[in-house]
Amino acid sequence: MISETNETALASTAAEAKPAKGARAGARRAPVAPAKGKAGKKATPAKKAPKGAKKGKPAKDATGARDGSKTAKVLDLLKRRGGVTGKELMKATGWQPHSVRGFLSGTVGKKMGLTVASTKGEDGERTYSVEG
């Protein structure tokens with residue numbers, strides 16, 4: 001009878017004991033700043049000033065454009081007598097209106113240093129021209 005009770009008690013405790021679940025998150029650390037690592041490269045000394053004055057790029061003139069390029073086409077149209085309309089520039093280049101205006105202002109006006117004259121005709125259409 002004693003052996004029967006021992007076996008029954010052992011079987012019931014083994015059935016009830018479940019494996020313990022492990023922690024789902026890692027161990028937490030104290031909320032302090034991390035330790036500083038080793039110092040990296042040392043600061044380099046300041047660079048020396050250039051010895052001679054460098055020559056800047058000369059401003060591109062109307063002949064600075066390659067033959068057959070869109071820039072050359074636009075410049076030829078701008079130089080003709082009476083100028084060129086925005087629609088004609090869009091047709092010649094395949095650009096949108098904002099691209100044509102940006103090209104006239106940025107490339108022709110600022111980069112090439114040419115003065116772009118803009119006039120509005122009686123029909124309301126704007127005409128662009130360059131002296132030269």
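The values are calculated or read from the model by the stated rules, or taken from the named source; none is laboratory data. Small disclaimer: the values here were computed from a predicted structure and weren't measured. Note that each Cβ is placed from the backbone with ideal geometry, even for glycine, and that neighbours are counted across all protein chains shown.
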Exercise. If you take the residues of the stretch 74-107 that are in a loop (DSSP other than H, G, I, E, B) and not aromatic (Phe, Trp, Tyr), which of them is farthest from ARG126 (Cα to Cα)?
Worked result: GLY94
Seminar exercise, completed: Scanning the stretch 101-132 residue by residue, the ones that are free of Cβ contacts under 8 Å to residues at least 24 places away in the same chain and not small (Gly, Ala, Ser) total 7
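I'd like the full set of residues that are in contact with a helix residue (DSSP H, G or I) (Cβ under 8 Å, 6 or more places away or on another chain) and outside any helix (DSSP H, G or I), limited to the stretch 64-73.
ALA65, ARG66
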Seminar exercise, completed: Here the residues within the stretch 81-94 that are in contact (Cβ under 8 Å) with a residue 12 or more places away in the chain and at negative phi are VAL84, THR85, GLY86, LYS87, LEU89, ALA92, THR93
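Take the conditions assigned to a helix (DSSP H, G or I) and either surrounded by fewer than 14 Cβ atoms within 10 Å (Cβ to Cβ) or in contact with a strand residue (DSSP E or B) (Cβ under 7 Å, 6 or more places away or on another chain) (or both) and apply them to SER118. Does it pass?
No; evaluated as a whole, the condition is false for this residue.
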Exercise. Conditions: (1) closer than 30 Å to VAL116 by Cα; (2) at pLDDT 70 or above. LYS51 meets all but one. Number of the miss?
Worked result: (1)
